[in-house]
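Report on one structure; see the data block that follows.
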Amino acid sequence: MKYKDINLRALEPEDLELLYDWENDVTLWALSNTMVPFSRFTLKRYLENSHRNVYETGQLRLMIDYIPDNKTIGTIDIFDFDPFHKRAGVGILIAYEEYRRRGLATMSLKCLTSYCFGTLQLHQLFCNILASNCESMELFRKQGFVQAGIKKDWIKTSDGYLDEYLFQLINSDVKSD
């Protein structure tokens, strides 16, 4: 799936080392509620099963390729996919600092939102953002997501607890069945 300068693509076996590095970057763990490192073996098995569709697994990870540089720069995920209630969570990572604040996360989110609302016919998307992550809140707000709630003292860190905000984007074009 392409949008301007980005391509969202399925996982490939060649992505193993990138995923290994990103999943084991402890500076990102609070963003994804990760508590323990991932082994290459575990990630290899994950890649081997990535061909299963979102209706089977309840999740979908896509790699974000920056077309002008022919480089994979991050991932965008659908999680907690609920086909009955027609909703899913969204998470995004632009892994490299030099690719942040260039509109690439915006392009990726627009592309994924179009897929979720157009192809999957979802009624809503949601995301969970730490109160300290102002850049992510700005990204999602610019795409029409609205803050729907706050989870107080939700994420434990070495410095104490952090609040987490819930944002939602409702697709007014999808009617209930």
Hits in region 150-172 (condition: modelled with pLDDT of 95 or more and of a type in the set (Phe, Trp, Tyr)): Tyr165, Phe167
Failed item, numbered, when Thr34 is tested on (1) open to solvent by less than 70 Å² (accessible area, probe 1.4 Å); (2) at pLDDT 85 or above: (2)
Test set (1) of a type outside the set (Ser, Thr, Tyr); (2) outside any helix (DSSP H, G or I); (3) closer than 26 Å to Lys71 by Cα; (4) open to solvent by less than 50 Å² (accessible area, probe 1.4 Å) - Ala105 fails condition number: (2)
Filtered residue count, region 61-75, keeping only those that are within 13 Å of Cys111 (Cβ to Cβ) and either in contact with a Cys (Cβ under 8 Å, 6 or more places away or on another chain) or open to solvent by 40 Å² or more (accessible area, probe 1.4 Å) (or both): 1
Qualifying residues in region 118-138 (those that are out of contact with any strand residue (DSSP E or B) (no Cβ under 8 Å at 6 or more places or on another chain), in a helix (DSSP H, G or I) and of a type outside the set (Val, Ile, Thr)) - the one least open to solvent (accessible area, probe 1.4 Å): Gly118
Criterion violated by Tyr99 - all others in (1) open to solvent by 30 Å² or more (accessible area, probe 1.4 Å); (2) of a type in the set (Ser, Thr, Tyr); (3) without any contact (Cβ under 8 Å) to a residue 40 or more places away in the chain satisfied: (1)
Subset of region 84-96 [open to solvent by 30 Å² or more (accessible area, probe 1.4 Å) and either within 15 Å of the chain's Cα centre (by Cα) or modelled with pLDDT under 95 (or both)]: Arg87, Ile92, Leu93, Tyr96
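Results for (1) part of a helix (DSSP H, G or I); (2) more than 15 Å from the chain's Cα centre (by Cα); (3) at pLDDT below 90; (4) among the basic types (Lys, Arg), shown as yes or no for each residue.
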site: Asn7; (1), (2), (3), (4): no, no, no, no
site: Glu14; (1), (2), (3), (4): yes, yes, no, no
site: Trp29; (1), (2), (3), (4): yes, no, yes, no
site: Phe38; (1), (2), (3), (4): no, yes, yes, no
site: Thr42; (1), (2), (3), (4): yes, yes, yes, no
site: Met63; (1), (2), (3), (4): no, no, no, no
Answer residue from region 139-177, given it is of a type in the set (Lys, Arg) and assigned to a strand (DSSP E or B) and is least open to solvent (accessible area, probe 1.4 Å) among those: Lys151
Test: residue in region 39-54 that is in contact with a Pro (Cβ under 9 Å, 6 or more places away or on another chain) and open to solvent by 50 Å² or more (accessible area, probe 1.4 Å): yes
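The values are calculated or read from the model by the stated rules, or taken from the named source; none is laboratory data. From a predicted model like this one, the values you see are computed outputs, not experimental measurements. With ideal geometry, Cβ positions are generated from the backbone for all residues, glycine too; neighbour counts draw on all protein chains shown. These area figures cover heavy atoms from the full protein model, side chains too; ligands, DNA and RNA do not enter into them. Shrake-Rupley method; radii C 1.70, N 1.55, O 1.52, S 1.80 Å.
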